[in-house]
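One structure is given here, and the rest of the page talks about it.
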Amino acid sequence: MAAPQKPAAGPLVGAVVQGTNSTRFLVFNSKTAELLTHHQVEVAQEYPKEGWVEQDPKEILQSVYECIERTCEKLKEQNIDIANIKAVGVSNQRETTVVWDKLSGEPLYNAVVWLDLRTQSTVESLSKKIPGNNNFVKSKTGLPLSTYFSAVKLRWMLDNVLDVQKAVEEGRALFGTLDSWLIWSMTGGVNGGVHCTDVTNASRTMLFNIHSLEWDAELCKFFDVPMDILPNVWSSSQIYGQIKGGTLEGVPISGCLGDQSAALVGQMCFQEGQAKSTYGTGCFLLCNTGRKCVFSEHGLLTTVAYKLGKDKPVHYALEGSVAIAGAVIRWLRDNLGIIETSEEIETLAKEAGTSYGCYFVPAFSGLYAPYWEPSARGIICGLTQFTNKCHIGFAALEAVCFQTREILDAMNRDCGIPLTHLQVDGAMTVNQILMQLLADILHIPVIKSSMSETTALGAAMAAGAAEGVGVWSLKPEDLSVIGMVRFEPQIQATESEIRYSTWKKAVMKSMDSVPSQSPQEDFSIFSSLPLGFFIVSSMVMLIGARYISGIP
């Protein structure tokens, strides 16, 4: 006879984390922040053309349902009553854009992923319309005009997808980032689904005024986006609706945060000046600037950090966004085949112990902060006959650290008070070699949370703290203390500076190197470089210009 089910001590809160490469559902004890169990499903990416990155919204939705059901099964196996799950939070990859039919519930096109570069011509044409002395887009949104953000992806759909055009004309179209698609679907879809987003996700669209916290009519007119397809914008912590169907029928969805804001909350960076860096597909360093917008003069973004309740104040952040971090490891695995699993990169790097003068600039989707240079492409340079795959693996990890250093330097200049340490989280932080390299290159202590799932934790905290749920206290004295592991710099500052300055030279070589259609022209860029910075081994050349262009 099966043992009777019993509730875990303290109410439980679930968190959906929908990332670029996978979906997870995790369940936490709201009193202790203990992670009880979780389930993860990988999601596919599609590359219809060079520079295009898409995902199937229906596959993503199904992965959420699967993760919830499997996690609940695991709870039952632990004799934990799933009726004790009092709320669910949602965290999502930001900027990824979906348009769907509100009558049929069907997506009208694949989701266009944040990494996608197809809108470069759209960005160039729109840039010419912005007065040189009045960049109203950046002043209202805190964002540069870039392929990264949702408005230009939506503009491309409106211009190029007939199904989207027709649905807009007929009043059937709804737009959203993935949080909106998931919440609408999970709260009923065509049968009364709630079309909403939160302030953190809205602030990544380039259609949202981060001062008034509303969709901006002038911005919508500039991008020629109809305002009636936009979701309602609410706080990051309130009841949006109840789950319809499935094991968690009737449980409120009461937290919603873009993944990087969720990680900031999960790292408990609630004080002005506190910062965290998350290492997943990309790398994102956010610094809480409190209730004031700080506009960067050094290539960073101004964004909404969180608003934890309808009547709570909004907090802002400075953000440095790096497109390729963990994605470079996936590229070494899937495209070059020099490792079979992502975890093997640590073994390679440990065996080498150095890049031996090899430098890797993984500008597969151009360069984001602080350059915002879409024409950059990935290069590997400084190769000799001695260079092997271990050195390249080490250089790939080092590239993640150098990119973080660029962001950190820009943030220190904007804030005026240098960070004395950096809190880190994300899947890549299990790599001990990377963590030590990061401390060495930044030359400040790196503090890794023992709770690796800080993004999920942040979404759960927001959901559990929502009015009408109230099972998670966000008072400083009530927050659970999470253990930390500290990595101290182990090299001299002069060595760090030399390696960093050489990396900066490599970055300059990556600029303006979008390959032409001619294979001969593709490789002509290599001969133009100084001998001391000769590019890429024959191994990479044989892979072909397609990989040099940086398709993950």
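The values are calculated or read from the model by the stated rules, or taken from the named source; none is laboratory data. Quick caveat, the model's predicted, so the values are computed rather than measured. Cβ placement follows ideal geometry from the backbone for every residue including glycine, while neighbour counts extend to all protein chains displayed. Surface areas here come from the heavy atoms of the whole protein model, side chains and all, with no ligands, DNA or RNA. Shrake-Rupley method; radii C 1.70, N 1.55, O 1.52, S 1.80 Å.
Descriptive notes on the structure:
- Share, in percent, of DSSP beta bridges within the range 13-162 that are antiparallel, nearest 5: 75
- Neighbour net charge for GLY273 - beta-carbon separation under 15 angstrom, K R +1, D E -1: +1
- Segment LYS505-SER450, length gained on full extension (0.36 nm per residue, minus Cα span): 16.2 nm
- Annotation: peptides 320-327, 332-339, ranked by per-residue average of other Cβ atoms within 10 Å with the highest first, follow the order 320-327, 332-339.
- In Å, descending, principal axis extents of the Cα set of the range 295-387: 61, 28, 23
- Estimated inter-spin distance, HIS421 and THR347, nm [label 7 Å along Cα→Cβ]: 3.3
- Neighbourhood net charge (9 Å Cβ-Cβ; Lys/Arg +1, Asp/Glu -1) for ILE339: -1
- Phi-derived couplings, Karplus 6.51 cos²θ - 1.76 cosθ + 1.60 at θ = phi - 60°, listed residue by residue for the range 25-30: 10, 10, 10, 10, 7, 6 Hz, with x used for Gly and Pro.
- Efficiency of FRET from Cβ geometry, ASP334 and THR354, R₀ 35 Å, rounded to 0.05: 0.85
- Highest-first arrangement of 227-234, 64-71, 243-250, where packing means the average Cβ count within 10 Å: 64-71, 227-234, 243-250
- Put simply, the Cα atoms of the range 241-354 extend 53, 48, 21 Å along their principal axes, the longest span coming first.
- Over the range 437-512: Kirkwood hydrodynamic radius from C-alpha pairwise inverse distances, Å: 16.0
- Per-residue extension of 0.36 nm, minus the Cα-Cα distance of ASP81 and GLN492, leaves a gain of 142.6 nm for this segment.
- Between SER375 and ASN412, the simple spin-label model (points 7 angstrom out along Cα→Cβ) gives 3.1 nm.
- Shape index of the range 334-394: Rg/Rh, with Rg the Cα radius of gyration and Rh the Kirkwood radius from the inverse mean 1/r over Cα pairs, equals 1.03.
- Longest to shortest principal axis, alpha-carbon extents of the chain, angstrom: 67, 54, 48
- Using the average count of surrounding beta-carbon atoms within 10 Å as a protection proxy, the listed peptides 423-436, 254-267 rank, highest first, as 254-267, 423-436.
- Positive contributions from Lys and Arg (+1) and negative ones from Asp and Glu (-1), summed over other residues with Cβ under 14 Å from the Cβ of ASP228, come out at 0.
- Probe 1.4 Å, all protein chains present, accessible-area order of ASP116, ASP159, largest first: ASP159, ASP116
- DSSP bridge pairs, the chain: antiparallel proportion in percent, nearest 5: 70
- In the assembled protein chains, SER63 presents an accessible area of approximately 10 Å² (probe radius 1.4 Å).
- Projected label points at HIS211 and THR247, each 7 Å from Cα along the beta carbon direction, are separated by 4.8 nanometres.
- Element breakdown for the chain at a 1.4 angstrom probe: carbon and sulfur atoms account for 51% of the accessible area.
- If you plug the beta carbon distance of GLN271 and SER125 into 1/(1 + (r/R0)^6) with R0 = 35 Å, you get a FRET efficiency near 0.25.
- Whole-number accessible area per residue in Å² for the chain, which is evaluated in the context of all protein chains at 1.4 Å: 38
- Estimated translational D of the range 4-111 in µm²/s (Stokes, Kirkwood radius over Cα pairs; 25 °C; 0.890 mPa s): 161
- Calculated FRET efficiency for the pair GLU69/SER104, C-beta based, R₀ 25 Å, to 0.05: 0.55
- Three-way shape label, the range 135-263, alpha-carbon gyration tensor, a/c 1.5: oblate
- For the range 163-235: rounded, prolate or oblate by the Cα gyration tensor [a/c cutoff 1.5]: oblate
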